[in-house]
1. Would you mind finding the one in 13, 71 that is free of Cβ contacts under 8 Å to residues at least 24 places away in the same chain and surrounded by fewer than 11 Cβ atoms within 10 Å (Cβ to Cβ)?
2. Among the numbered criteria (1) at pLDDT below 95; (2) surrounded by 10 or more Cβ atoms within 10 Å (Cβ to Cβ), which single criterion is violated by residue 40?
3. Can you name every residue in segment 14-31 that is within 16 Å of the chain's Cα centre (by Cα) and either at pLDDT 90 or above or among the aliphatic types (A, V, I, L, M) (or both)?
Amino acid sequence: MRECKTTMDPNEARETSERDQLWASLRALGPQIERLAAGEFDGSDLQKQLVVVLARIVAAEMTYRAREAGAE
């Protein structure tokens, strides 16, 4: 069972804040992300950049979750 913390160290607080801001910023890209999710890939430079950004976000989230799982 995971222990409930009452305080958060500064690095953990910063990382959580940065992750929250990142996910919130993706809302502006919602329509483009939805088009990619629907398979509407036209190969434009914008879409290529978006795919790279999304891959980096997913990779960072996977690393974060693996680290969190190891801390349990």
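The values are calculated or read from the model by the stated rules, or taken from the named source; none is laboratory data. These numbers come from a predicted model, not from an experiment. Neighbour counts run over all protein chains shown; Cβ positions are idealised from the backbone, glycine included.
1. One residue alone meets the criteria, 71.
2. (1)
3. Scanning segment 14-31 gives 22, 24, 26, 27, 28, 29, 30.
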